[in-house]
Amino acid sequence: MASRQEQIIAVIDQLMTNTGTDVVGAAAVGLDGISFASRMAADVSTERVAAVAATIMGVTRRVGGELRIGAAEEVIIKANKGLFMVLPAGDQSLLAVNLRQDANLGLVRLEARDAARAISQIV
Amino acid sequence: MSVERSSWQIKNEATLSELVQLMGLSADEAAILKSLQSAAQRQAPAMREDFYKRLLAHPQTAEYFSDINMNHMYDMLQTWFVELFCGVYDEAYARRRMKIGDTHVRIGLPVRYPLAMLDVAMKHAEDVARTHAQSDAAITAVRKVLALDVAVFNQAYEDRQIQALAEMVGNERLARRLLAGE
Ligand code: HEM
């Protein structure tokens, strides 16, 4: 039986395979900003990205609460050299995904949602 | 800082009982302090005088008192000083002292000012301690209760920061990690 971390890595690998070269990194993160498992480029600090992803989701949930628009389903940040996406993976964790600038967002969103669901069942 | 620290679980009034234990504030020391309460009462007006002379002479601190009833402030400060010598350092004491810390957080007062002003309180508290037959023991005791106040005052500020950030990011442990600059 693979460890929890290995199972999550397998989900992340699947996400990366299913989206071609669009996903350049991904991490499963606890609400406290600690990464459970990740595939990130060597020049990216997974620890920091994990903390930032949890912060973004926390603030987004707060916005959802203040505006009474319901539970946050995803956050997408579009920058001029890439995109960053965070979505809940169950109640206790998140999936953070780093994308190429011209990624096929429609496809990635569908695949990321599936991956988040799979991660929520593992953690 | 990915390790969960047991100190993070100690909150509110429990912080004072923890600190009393940490500092080894004994029943004998509490009794010495209690026996000095009327001396503290006599010292309080002089302490209050020095305290506000200093605060009101400094423009950045004076501006906090521009529309405040000073007689009320004098009373509250003197009560605070005399209470250092109350002899019972329990949860109710902790609650009262923390509430004072909270008041200063709420008015947007940088923590350096109350901490620096404890110097005035220290001088007068030691003057009170010197009137005791065992003055060395009394001075040791008084320094401990003042150190407790420094700790509790600071804790009120830290608690507020953690609480505000935790509310914003949705998780206290994450807030602690962000404040630690991870
Ligand atoms: C050793 C330091 C200090 C002690 C022991 C002290 C003590 C107190 C106490 C006992 C109160 C009443 C608290 C309450 O009702 O909850 C109070 C209120 C207040 N203190 Fe201090 N204080 C200190 C430092 C300062 C400093 C440095 C300033 C300003 C520069 C300041 C400004 C005020 C103000 C403006 C209030 C009234 C707040 C309000 O009710 O709106 N204090 N202080």
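The values are calculated or read from the model by the stated rules, or taken from the named source; none is laboratory data. Model, not experiment: these values are computed from the prediction. Heads up, the Cβs are rebuilt from the backbone with ideal geometry, glycines too, and the neighbour counts pull from every protein chain shown. The accessibility values were calculated without ligands, DNA or RNA, using every heavy atom of the protein model including side chains. Shrake-Rupley method; radii C 1.70, N 1.55, O 1.52, S 1.80 Å.
Looking at this structure, is B:Glu158 within 14 Å of chain A (Cβ to nearest Cβ) and either charged (D, E, K, R) or in contact with a Phe, Trp or Tyr (Cβ under 7 Å, 6 or more places away or on another chain) (or both)?
Answer is no for this residue.
Specify the residue that is nearest to the chain's Cα centre (by Cα); the eligible residues are those in segment B:6-37 that are open to solvent by 80 Å² or more (accessible area, probe 1.4 Å) and among the polar types (S, T, N, Q).
So the residue we want is B:Asn12.
Return a yes/no flag: does segment A:103-112 have any residue that is more than 27 Å from B:Val3 (Cβ to Cβ), assigned to a loop (DSSP other than H, G, I, E, B) and away from chain B (no Cβ under 13 Å).
yes
Does any residue of segment B:128-142 turn out to be within 11 Å of the ligand (Cβ to nearest atom) and in contact (Cβ under 8 Å) with a residue 60 or more places away in the chain?
No.
Does segment A:79-86 contain any residue that is within 17 Å of B:Leu174 (Cβ to Cβ) and in contact with a Lys or Arg (Cβ under 8 Å, 6 or more places away or on another chain)?
no
Inspect all residues belonging to segment A:47-62 and state whether any of them is touching a strand residue (DSSP E or B) at 6+ places or on another chain (Cβ under 8 Å), within 12 Å of another protein chain (Cβ to nearest Cβ), among the charged types (D, E, K, R) and under 28 Å from B:Ala164 (Cα atoms).
For segment A:47-62, residues touching a strand residue (DSSP E or B) at 6+ places or on another chain (Cβ under 8 Å), within 12 Å of another protein chain (Cβ to nearest Cβ), among the charged types (D, E, K, R) and under 28 Å from B:Ala164 (Cα atoms): present.
Among B:Leu77, B:Leu55, B:Leu109, which is the only one that is modelled with pLDDT of 95 or more and not in a helix (DSSP H, G or I)?
Only one candidate qualifies: B:Leu109.
Go through (1) exposed (fewer than 12 other Cβ atoms within 10 Å of the Cβ); (2) within 10 Å of the ligand (Cβ to nearest atom); (3) assigned to a helix (DSSP H, G or I) and name the single condition B:Ile68 misses.
Unmet condition: (3).
Return yes or no: is B:Val142 over 30 Å from A:Ser35 (Cα atoms), away from chain A (no Cβ under 14 Å), surrounded by 20 or more Cβ atoms within 10 Å (Cβ to Cβ) and among the β-branched types (Val, Ile, Thr)?
It is true that B:Val142 is over 30 Å from A:Ser35 (Cα atoms), away from chain A (no Cβ under 14 Å), surrounded by 20 or more Cβ atoms within 10 Å (Cβ to Cβ) and among the β-branched types (Val, Ile, Thr).
Of the conditions (1) open to solvent by 40 Å² or more (accessible area, probe 1.4 Å); (2) in a loop (DSSP other than H, G, I, E, B), B:Glu158 clears all except one; give me its number.
(2)
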